[in-house]
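Written out below as structure tokens is the structure these notes cover.
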């Protein structure tokens, strides 16, 4: 039987369908974080090294990536912990105050509206370098 390129292209979705419906992909989707809302006033708070930390969510997305969200308020001069590294990436959205984020020995100062991102296993740390709390 002779097949044209058009015939092959029409068959492509059907060929990929079994992979999309594999038990592994279905299990990842079933254990993924659900849609949810997190009112600020209901977030529990704990203090670590003078930093107020409110965990929001932690888990995996349907695509398998880990995701963690928390709000941290650093007092002037405060740092939640020493510089460190880990396998997951990390991102900060600075809402208030001024911080210094050090990545692999290079420091960056960020103010309100700024975003910092650290790739997996890059050594990093954050410190409030301002005179007011940093969120």
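A short reminder: the numbers here are calculations on the coordinates, not readings from a lab. Values in this document were obtained by computation on a predicted structure and should not be read as measured data. Neighbour counts run over all protein chains shown; Cβ positions are idealised from the backbone, glycine included.
The ranking of 30, 122 by Cβ neighbour count inside 10 Å, starting from the fewest, reads 30, 122.
With each label modelled as a point 7 angstrom along the Cα→C-beta vector, the residue 106-residue 30 pair spans 4.5 nm.
Given the alpha-carbon gyration tensor of region 40-128, what are the semi-axes of its equivalent ellipsoid in whole angstrom, ordered largest first, with each equal to the square root of 5 times an eigenvalue?
Calculated on Cα positions only, the semi-axes equal 20, 18, 12 Å.
Potential lengthening of the chain between residue 91 and residue 119 amounts to 9.2 nm, from the contour at 0.36 nm per residue minus the alpha-carbon distance.
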